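Each remark here refers to the structure printed beneath this line.
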Amino acid sequence: MDLRLLRYFVAVAEERHFGRAAARLFIAQPSLSRAIRVLERDLGATLLERSSGGVATTPAGALLLDEARLLLERADHLRVRVAAVGGDAVITLGSLAGAVEHAGPALVSAFRSRHPDVRVDVRESDFSDPTCGLRAGLVDLAVTLAPFDTTGLAVQVLRTDPVEVVLRADDPLAGRSAVTSEDLADRPWFRMPPGADPVWSAFWGGGRGGPVVHTAHECLQAVLWNGSVGLVPAGHDVPAGLVTVPLRDHPPAELIVAWDPRRAGPLVRSFLAGVVAEERPAGRVEGGSARSTSG
């Protein structure tokens, strides 16, 4: 049985729509429709009920969906084990501002339990690229902070956190229980490097007049030495001399895993399976397995 056709079928069955599945797979919708018809012909069964509103699995399709998921996971696991024995199993994980640490140890445990012999390389990125080199093919996945332009990437939200302002401990606003953007209107804010993603820059930069920063450490030092305004997700530690105050009218930040579906190999899929399994009890998985966007 062609594993590629099974992956196509699983995508359609999960998305319940040929158009969304085609976007997720980065293939043309007519090609996807033809592939599903080939699979149905090979198996001698109708797998999907088509309608103007989308598709639904038939009893045969529901059975295949359960079995296909297991088969595809097993095939990926086998590929990874063979690569590990050959010494070629490596996954490169991008991290922005220590985001991989804030994702928690459960992700590490889930992956290590599946693949104890796989080497994991962590590549730390600066603020100039919130994808951590994902678009350039420098990493396989990125644990990073949103929002930024995710065109062509798929995203899994790990956690959503309120945003807090970083201020000097002697700042007049430091003792407040919360502040608003209006309270900070006349303050210099740190700025993102030139050429950084505009969505990212607008969300985290917020203002003007402050120094350009490239790392979380530079951001905190800019506040400490210059009195600039900085932003961090709630719960992040700051050094002595600084405090954080909730920013009441600012959208929350998302800690995410991002990847390029066009380059998602067995190790990436296995990592993501661990993410989904970890998130499932809290009901945090979006759109079945991930939120995917494409241009």
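The values are calculated or read from the model by the stated rules, or taken from the named source; none is laboratory data. None of these values were measured; they are calculated from a predicted model. FYI the Cβ positions are ideal-geometry reconstructions off the backbone, even for glycines, and counts take in every protein chain you see. Areas reflect the complete protein model, heavy atoms only, side chains present, ligands, DNA and RNA absent. Shrake-Rupley method; radii C 1.70, N 1.55, O 1.52, S 1.80 Å.
Highest average first, the peptides 184-194, 221-231 ordered by how many other beta carbon atoms sit within 10 Å of their residues are 221-231, 184-194.
Put the Cα centre of the stretch 86-116 next to the Cα centre of the stretch 140-188 and the gap is 25 Å. Based on Cα contacts under 8 Å between residues 6+ apart, the stretch 129-209 shows a relative contact order of 31 percent.
For Cys132, the amide hydrogen comes within under 5 Å of no other amide hydrogen, counting only partners 5 or more places away or on other chains and with H modelled in the peptide plane.
The phi torsions of the stretch 133-150, fed into the Karplus equation with coefficients 6.51, -1.76 and 1.60 and a -60° offset, translate into couplings of x, 5, 5, 7, x, 7, 9, 8, 9, 9, 9, 8, 10, 9, x, 7, 5, 9 Hz, rounded to whole numbers, with Gly and Pro shown as x. When Kirkwood radius over Cα pairs in Å is computed from the coordinates, the matching label among (1) 19.7; (2) 22.3; (3) 21.2 is (3).
Karplus-derived 3J(HN,Hα) values for the stretch 223-234, using 6.51 cos²θ - 1.76 cosθ + 1.60 with θ = phi - 60°, are 5, 5, 8, 10, x, 5, 9, x, 10, 9, x, 4 Hz; glycine and proline are entered as x. Residues of the stretch 204-233 falling in the label zone of Asp249, defined by backbone nitrogen less than 16 Å from a point 7 Å along Cα to beta-carbon, are 206-207.
So what's the back-of-envelope 222 nm ellipticity for the chain, counting only DSSP H runs of four-plus at -39500 (n - 2.57) apiece and dividing by all residues, rounded to 500?
Working: 9 runs with 110 residues, N = 295.
Per the formula, -11500 deg cm²/dmol.
Between 0 and 90 degrees, the angle of helix 266-279 with respect to the longest Cα principal axis of the chain falls at about 70 degrees. Computed packing ranks the peptides 245-256, 30-41, 3-14 as 3-14, 245-256, 30-41, most packed first, by mean other Cβ atoms within 10 Å. Taking all protein chains as present, what is the carbon and sulfur share of the accessible area of the stretch 13-134, in % to the nearest whole number, probe 1.4 Å? In the stretch 13-134, the share of accessible area belonging to carbon and sulfur is 53 percent. Taking every Cα-Cα distance in the stretch 1-92 and sorting them into 5 Å bins from zero, the calculated P(r) comes out as 3, 13, 22, 22, 16, 10, 7, 5, 2, 0 percent. Taking amide H atoms as placed 1.01 Å from N in the peptide plane, the amide H of Leu158 lies under 5 Å from those of Leu255, Ile256, Val257, each 5 or more residues away in sequence or on another chain. With protein chains left intact and a 1.4 Å probe, residues in the chain average 49 Å² of accessible area per residue.
When all alpha carbon pairs of the stretch 174-238 are counted in 5 Å bins from zero, the resulting P(r) reads 4, 17, 27, 28, 18, 4, 1, 0 %. Under 5 Å between amide hydrogens, built in the peptide plane, is the criterion, and for Leu242 it picks out Ala169 among residues at least 5 positions away or on other chains. A Förster radius of 41 Å combined with the Cβ-Cβ distance from Ser33 to Leu138 puts the calculated FRET efficiency at roughly 0.70. Report the local net charge at Arg248: Lys and Arg +1, Asp and Glu -1, summed over other residues whose C-beta lies under 14 Å from its C-beta. Surrounding charge for Arg248 is -3.
For Leu220, what is the net charge nearby, where nearby means another residue's Cβ is under 11 Å from its Cβ and Lys, Arg count +1, Asp, Glu -1? All intermediate terms of the calculation are to be shown ahead of the outcome.
Values: positive: Arg168; negative: Glu218, Asp237.
So the environment of Leu220 carries a net charge of -1.
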